[in-house]
1. If you scan segment 257-310, which residues turn out to be among the aromatic types (Phe, Trp, Tyr) and either under 24 Å from Gly106 (Cβ atoms) or in the same structural domain as Glu81 (by TED's automatic domain parsing) (or both)?
2. Does Gly196 satisfy the condition of being closer than 30 Å to Glu284 by Cα and assigned by TED's automatic domain parsing to the domain that holds Ala112?
3. Working only within segment 123-159, note down all residues that are assigned to a loop (DSSP other than H, G, I, E, B) and in contact (Cβ under 8 Å) with a residue 40 or more places away in the chain.
4. Across segment 361-370, which residue is nearest to Gly39 (Cα to Cα) among those that are surrounded by fewer than 22 Cβ atoms within 10 Å (Cβ to Cβ) and not β-branched (Val, Ile, Thr)?
5. Run down Ala322, Ala380, Ala330, Ala308 and say which single residue is part of a loop (DSSP other than H, G, I, E, B), of a type in the set (A, V, I, L, M, F, W, C) and farther than 19 Å from Val26 by Cβ.
6. Go through segment 224-238 and count every residue that is part of a loop (DSSP other than H, G, I, E, B) and farther than 14 Å from Ser92 by Cα.
7. Step by step: first the residues of segment 166-198, then only those that are over 21 Å from the mean Cα position of the chain (by Cα) and without any contact (Cβ under 8 Å) to a residue 40 or more places away in the chain, then the one that is surrounded by the most Cβ atoms within 10 Å (Cβ to Cβ). Which residue is that?
Amino acid sequence: MAIDAPAPPNATQKPLAPALSASTGVEATVAGETRVIFGGCNYLGLAHHPRVIEALREAAGIYGISTGASRTTTGNTLAHEQLEERLARFFSAARPGHTVACTIDGLTANMAAFEALAERRTEAVIDERAHRSLVVAARAAGLQVNLYRHLDVGHAVELAERDPAGTVIATDTVFASTGHIADLASLVRSAPNDVGFLFDECHGVGVIGDGGRGVAIALGVTDDRVVITSTLAKAIGAHGGFVLATSDCIRRIRSTATAFVGTTPVSPALAAAATEAIDIIDQEPDRVRRLQDRASRLTAGVALYADARVPAGFAWHTPIAAVAFAPDDAMTRVRMRLTERGLSVPLVSYPGGPAPSYFRLSVTSEHTAEQVDQAIACFAEEADDR
């Protein structure tokens, strides 16, 4: 039996966070106070890399800020085509022959992918804690959505077996709220041969696997049935989204998907910045290794009170941890400790976390080991006092 979809979040539940007046990626200034931030998704620090910023400036001088039109009319630029070619090369060793279509963000990447898949599929079986964009995109494409229990491969396969040829199994590879990692290899291995797959790698690309190629490739999942979607706004440090798939799937996206055909693309300046960022990932492999070191440190430091879930034997670490203490005054004490030490960790209420309200910690390659240890200590002290 499928799980009922959760109601859309109430618009009053998530007020805007205080506005930043400056940011370096590791530090941010709010209301005149500068603190070390353990939040967000600039995992490799590339949003502030001088080469990325210079690439953006140079392309803005050539193309302006916006194309003002769809890529199917007058809005296509060399910057967009070069980005798609660079992304295809980035994944080509593991997924030869697969090509890329870029979109304006991660949501529209999922929308474009589901629009293409809906030509042959009628149902989407989605992890109950997956990013809401997967459910929204599947429904927008006209697919019937059924949710499976979080990380439960058997339940996903059970639902897919009702109509394998008409079904797409979709999931996050790394779950944004908790850092849980889906066992993609078991999903693909266990599902009927004619099931399709859509894996959202927004928190996997640039983070997991050799050279940051993502969870699917790290787990050896390169099946042509698998469509990968991701963002350019997290580890890559720019803005936009993309779909990586067979040339036939990408052709359908470019021909018919409203999320591609009917939108003005991401700024060509940001496309050029993303291309430069991908070059840096390849040219500076220590960034991914350094991120993994900080992620490993975080995982070990909060292991007693964070619910980490990864496939058996998986060697990579997620830079995300979700921590909650009860009662509420314990959370207040942790926040006070963080503030006293010049640190900030977002207290969030995203769906899929361990409690209605919890700390979502994230580290980057640019945090020092000492900074990570300082944050861990604030949580350890609360645990020791209990």
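The values are calculated or read from the model by the stated rules, or taken from the named source; none is laboratory data. This is a predicted model, so every value here is computed, not measured. When we count neighbours, we look across all protein chains shown, and the Cβ atoms used for this are built from the backbone with ideal geometry, even at glycine.
1. Phe260
2. It is false that Gly196 is closer than 30 Å to Glu284 by Cα and assigned by TED's automatic domain parsing to the domain that holds Ala112.
3. Glu128, Arg129, Ala130, His131, Arg149, His150, Leu151 - these are the residues of segment 123-159 that are assigned to a loop (DSSP other than H, G, I, E, B) and in contact (Cβ under 8 Å) with a residue 40 or more places away in the chain.
4. The selected residue is Glu366.
5. Ala308
6. Going through segment 224-238 one residue at a time, the tally reaches 8.
7. Among residues in segment 166-198 that are over 21 Å from the mean Cα position of the chain (by Cα) and without any contact (Cβ under 8 Å) to a residue 40 or more places away in the chain, the one surrounded by the most Cβ atoms within 10 Å (Cβ to Cβ) is Val195.
Table: residues versus (1) buried (at least 23 other Cβ atoms within 10 Å of the Cβ); (2) of a type in the set (D, E, K, R).
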| site | (1), (2) |
| --- | --- |
| Gly97 | no, no |
| Glu119 | no, yes |
| Val145 | no, no |
| Val157 | no, no |
| Ala160 | yes, no |
